[in-house]
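Worksheet for the structure shown next.
Where a number appears in this text, it was derived from the coordinates with a stated rule and is not lab data. Fair warning: this is a prediction, and the values are worked out from it, not measured in the lab. Ideal geometry is used to build each Cβ from the backbone, glycine not excepted, and the neighbour counts take in all protein chains shown.
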Amino acid sequence: MMRAFLLCLGILLAPPALAVEPNEVLRDPAQEARARELSKGLRCLVCRNESIDESNADLAKDLRLLVRERITEGDSDEEVIDFVVDRYGEYVLLKPQATGSSLMLWVAGPAMLILAIGMGVAYQRRQNVKRESPVDGLDASEEARLKEILDQK
């Protein structure tokens, strides 16, 4: 029982193995560091919310090689990212930029929350006004009519 617990604990606490294979690593440590940093910000299109640096998928490997190829050709970090985004779309970014059409998505959530809070406050105010308004008593003619109805029974 204790062995099973220790095995499970060891698996859970083990650091995740990175998917970068030895044959992908660049010879220049500075370029490799740049490639690893860029790879951490790019989404694996197969695994979804996993970076290409962590993914073992074939497409992630191709993207890692593409990033390294662009770096060895002398592209800046921005040029590499722009190249990958032009090729695969903005979805490939793990942290999309808040510009253009995605700006609407960034603003829509907080705007809907503010709108919902405003509607809730307005509803509560209307309910409070209804509760506070006193109910007027019956006037003399209504009281006479009510007495007449009750006396008939």
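Observations on the structure shown:
- Distant-in-sequence amide contacts of SER51, defined by a placed amide H-H separation under 5 Å and a gap of 5 or more residues or a different chain, comprise CYS44.
- From most to least packed by mean Cβ count within 10 Å, the peptides 81-88, 63-70 give 63-70, 81-88.
- Region 32-153: C-alpha gyration tensor shape, a/c 1.5 cut-off, then a/b vs b/c: prolate
- Relative protection proxy for 136-147, 45-56, from highest mean packing down: 45-56, 136-147 (other beta-carbon atoms within 10 angstrom).
- Cβ-based exposure ranking for ASP28, ASP77, in which fewest neighbours within 10 Å come first: ASP28, ASP77
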